[in-house]
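Inspection log for the structure reproduced underneath, given as structure tokens.
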Amino acid sequence: MRSDHAIRSTESITVIGAGLTGSLLAVYLARLGFQVEVFERWPDPRRDDVPAGRSINLALAERGIHALAGVGLHHRVARFCLPMRGRLVHDDRGVNLHPYGQSSDEVIYSVHRERLNLSLIDAAEATKRVRVHFGQSLEAIDFDTGIATFRDHASNRPYERPARPIIGADGAGSAIRGAIEAYLGFRSDSDLLDHGYRELTLPPTDDGGFRLDPEGLHIWPRGELMMIALPNTDGSFTATLFMPKDGAPSFSSLEDLDDFRQFIHTTFPDAAPHLTELAEDLHEHPVGILGTIRCPHWHVDGRALVVGDAAHAIVPFHGQGMNCGFEDCEALGRIIAASETWPQAFAAFDAERRRNADAIADMALENYLEMRSSVSDERYLLQRSLALELERRFPERFVPRYSLVMFRRVPYADAKARGIVNREILVALTEKATSLDEIDYDEAGRLIAARLPPAAGPDSTALR
Ligand code: FAD
């Protein structure tokens, strides 16, 4: 091993992207003693207007909270988080709460993306070891010389500087991932969904109150499409409409304001009176794309690595993209601290995280179907109630997959594998049953004892 690959805590690390993953990663690296140079293409959001970009609010869950807590930032973030106890499903049965878990601490949090990002940037700079260079885009990287080319947006001039090691936290369209692909000669698998999304505004009442119950994540499942809404601390909700990009109905068939308004009124009659800014939403919020990126090599020996969405962009239906990126930061910090060389650290990170990123990518895709249609299906509802009942009766062994992903930190791949067994057990037990009274719980006990080893205990990092 060449000695220039040895990890020295005095050296400087270049991070591309001051989004959610890049900013938290900078804090982790600074805590290990490194100098961190972060390059972000947008101007400093504390001084200039920066486009809001994707999703105004996000669901923060145990994995993300734990990674924030690892560098003491969870309390700071708690100030702008709202707890959500379950899904509030709006369908022809009215509005019904489907709790996420059994206990009062099994909640997820709605968090404002921009406030969270700013808070992480502030925390990174407060370490005094992180410099964030705003308005600077990475344009190219030569892995042989370790020289990166950036463009300064104010002067529109390119310039070069040494950048080894370099870590790409530059999102789904990552330039670093593109450079790794070109250098190692492969193409990542990028699978775009034929559904897109548009954000819609649901403002507060005139006196600043919430128009809907703020303690849950609202879902309007409608088969091929759905709308969700998450609360914000100012009394508003951010609603997101997910539906096909083409066909009827679709975003392309509903570009005209009157048609769009009519569609919203017929499809979501109880929400429509609250969606008072449809004209602005249609004009200002373009249809976003959704997709999964699977990149087979996340690093070039010890020279470059990708993390967060740059390595593994996923669809948002499990609310885990950011949580997974935050878990990357915690994992990379721990692995670097235990490694002697950069190639060793990056290879270990790739080995630990890739199978888990693949697993959450699959589970996120499966969750879309569950959210937009299964939540209104009788058999699904029976199996869901049974899952909670089995968890009550056999808490050591039967843990619903949703809880494994959102409230525990078992590796995603293990959550996925246990979820498959859970499902088979639920299907077998409900084959002839129409209600929980008809379930054979002795048979349930036998199946669970035979097929599900005890699960790791609950993880719960108090946010407040
Ligand atoms: P990004 O957020 O994309 O940040 C990348 C940063 O790099 C940006 O600041 C960008 O400007 C910068 N950059 C890019 N290229 C360059 C360059 N060449 N030079 C310099 N800088 C560059 N996740 C959850 O956990 N919970 C949710 O509820 C949730 N909801 C979502 C809803 C929607 C509609 C969508 C689309 C996503 C959702 N996600 C959610 C996923 C989450 O948004 C992403 O996983 C998260 O933003 C990834 O963070 P990141 O920092 O890795 O990438």
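Just one of Val38, Val27 is aliphatic (A, V, I, L, M), within 12 Å of the ligand (Cβ to nearest atom) and on the phi < 0 side of the Ramachandran plot; which is it?
Numbers: Val27 fails: within 12 Å of the ligand (Cβ to nearest atom).
Among Val38, Val27, only Val38 is aliphatic (A, V, I, L, M), within 12 Å of the ligand (Cβ to nearest atom) and on the phi < 0 side of the Ramachandran plot.
Take region 105-149 and flag every residue that is in contact (Cβ under 8 Å) with a residue 40 or more places away in the chain and among the small types (Gly, Ala, Ser).
Correct list: Ser110, Ser119, Ala123, Ala124, Gly135, Ser137, Gly146, Ala148.
Could you tell me which numbered condition Asp49 fails, if it satisfies all but one of (1) farther than 27 Å from Ala229 by Cα; (2) free of Cβ contacts under 8 Å to residues at least 12 places away in the same chain?
Going through (1) farther than 27 Å from Ala229 by Cα; (2) free of Cβ contacts under 8 Å to residues at least 12 places away in the same chain one by one, Asp49 breaks only (1).
May I ask you to say which residue of Ser376, Ser403 is farther than 25 Å from Ala357 by Cα, of a type in the set (Gly, Ala, Ser) and either within 26 Å of the chain's Cα centre (by Cα) or modelled with pLDDT under 95 (or both)?
Result of the check over Ser376, Ser403: Ser376.
With the structure loaded, tell me whether Glu284 is more than 8 Å from the ligand (Cβ to nearest atom), at pLDDT 95 or above and under 27 Å from Ile56 (Cβ atoms) or whether it fails that test. Full working, then the answer.
Values: more than 8 Å from the ligand (Cβ to nearest atom): yes; at pLDDT 95 or above: no; under 27 Å from Ile56 (Cβ atoms): yes.
Here the answer is no, as Glu284 does not meet what is asked.
So if I check each of Phe237, Phe326, Phe317, Phe242, which one is within 30 Å of Arg409 (Cα to Cα), crowded, with 18+ Cβ neighbours inside 10 Å, within 16 Å of the ligand (Cβ to nearest atom) and without any contact (Cβ under 8 Å) to a residue 40 or more places away in the chain?
On the way: Phe326 fails: without any contact (Cβ under 8 Å) to a residue 40 or more places away in the chain; Phe317 fails: without any contact (Cβ under 8 Å) to a residue 40 or more places away in the chain; Phe242 fails: without any contact (Cβ under 8 Å) to a residue 40 or more places away in the chain.
So the residue among Phe237, Phe326, Phe317, Phe242 that is within 30 Å of Arg409 (Cα to Cα), crowded, with 18+ Cβ neighbours inside 10 Å, within 16 Å of the ligand (Cβ to nearest atom) and without any contact (Cβ under 8 Å) to a residue 40 or more places away in the chain is Phe237.
Read through the list (1) crowded, with 24+ Cβ neighbours inside 10 Å; (2) more than 11 Å from the ligand (Cβ to nearest atom); (3) among the basic types (Lys, Arg), then give the number of the only condition that Arg8 fails.
(1)
Is it fair to say His66 is of a type outside the set (Phe, Trp, Tyr), touching a helix residue (DSSP H, G or I) at 6+ places or on another chain (Cβ under 6 Å) and under 30 Å from Val27 (Cα atoms)?
Working: of a type outside the set (Phe, Trp, Tyr): yes; touching a helix residue (DSSP H, G or I) at 6+ places or on another chain (Cβ under 6 Å): no; under 30 Å from Val27 (Cα atoms): yes.
Spelling it out, it is not the case that His66 is of a type outside the set (Phe, Trp, Tyr), touching a helix residue (DSSP H, G or I) at 6+ places or on another chain (Cβ under 6 Å) and under 30 Å from Val27 (Cα atoms).
Enumerate the pairs (first residue in region 413-438 and more than 11 Å from Gln383 (Cβ to Cβ); second residue anywhere and acidic (Asp, Glu)) with beta-carbon separation below 7 Å, excluding pairs fewer than 6 apart on the same chain, so at least 6 apart or on different chains.
Short answer, once both residue conditions are applied: Lys416/Asp362.
Residues being among the hydroxyl-bearing types (Ser, Thr, Tyr) and buried (at least 17 other Cβ atoms within 10 Å of the Cβ): count how many of those fall in region 187-228. Please lay out each step first, then the result.
If we filter region 187-228 for residues that are among the hydroxyl-bearing types (Ser, Thr, Tyr), which is where we start, we get 188, 190, 197, 201, 205.
Next, only the ones that are buried (at least 17 other Cβ atoms within 10 Å of the Cβ) stay: 188, 197, 201.
Count: 3.
Residue under question is Trp298, and the condition is that it be buried (at least 17 other Cβ atoms within 10 Å of the Cβ), over 25 Å from the mean Cα position of the chain (by Cα) and either within 30 Å of Ile180 (Cβ to Cβ) or within 16 Å of the ligand (Cβ to nearest atom) (or both); does it hold?
Details: buried (at least 17 other Cβ atoms within 10 Å of the Cβ): yes; over 25 Å from the mean Cα position of the chain (by Cα): no; either within 30 Å of Ile180 (Cβ to Cβ) or within 16 Å of the ligand (Cβ to nearest atom) (or both): yes.
Against the criterion (buried (at least 17 other Cβ atoms within 10 Å of the Cβ), over 25 Å from the mean Cα position of the chain (by Cα) and either within 30 Å of Ile180 (Cβ to Cβ) or within 16 Å of the ligand (Cβ to nearest atom) (or both)), Trp298 does not qualify.
Run down Ile335, Ile289 and say which single residue is surrounded by fewer than 21 Cβ atoms within 10 Å (Cβ to Cβ) and either near the ligand (Cβ under 9 Å from one of its atoms) or assigned to a strand (DSSP E or B) (or both).
Numbers: Ile335 fails: either near the ligand (Cβ under 9 Å from one of its atoms) or assigned to a strand (DSSP E or B) (or both).
Going through Ile335, Ile289 in turn, the sole match is Ile289.
If a residue has to be among the aromatic types (Phe, Trp, Tyr) and away from the ligand (no atom under 14 Å from the Cβ) to count, how many in region 106-163 make the cut?
So the first thing to find is which residues in region 106-163 are among the aromatic types (Phe, Trp, Tyr), and the list is 109, 134, 143, 150, 159.
Imposing the further condition that a residue be away from the ligand (no atom under 14 Å from the Cβ) reduces the set to 143.
The total comes to 1.
Within region 68-90, track down each residue that is more than 18 Å from Pro214 (Cα to Cα) and surrounded by 14 or more Cβ atoms within 10 Å (Cβ to Cβ).
Keep residues of region 68-90 that are more than 18 Å from Pro214 (Cα to Cα), which gives 68-77.
Matches in region 68-90: Leu68, Ala69, Gly70, Val71, Leu73, His74, Arg76, Val77.
Only one of Val405, Val375, Val399, Val410 is within 25 Å of Ala428 (Cβ to Cβ) and within 16 Å of the ligand (Cβ to nearest atom). Can you tell me which?
On the way: Val375 fails: within 16 Å of the ligand (Cβ to nearest atom); Val399 fails: within 16 Å of the ligand (Cβ to nearest atom); Val410 fails: within 16 Å of the ligand (Cβ to nearest atom).
One residue alone meets the criteria, Val405.
When you scan region 164-192, how many residues do you find that are under 12 Å from Val300 (Cα atoms), within 15 Å of the ligand (Cβ to nearest atom) and touching a residue at least 12 places away in the same chain (Cβ under 8 Å)?
The total comes to 8.
The values are calculated or read from the model by the stated rules, or taken from the named source; none is laboratory data. Computed from a predicted structure; not experimentally measured. Reconstructed Cβ throughout: ideal geometry from the backbone, glycine too, with neighbour counts over all protein chains shown.
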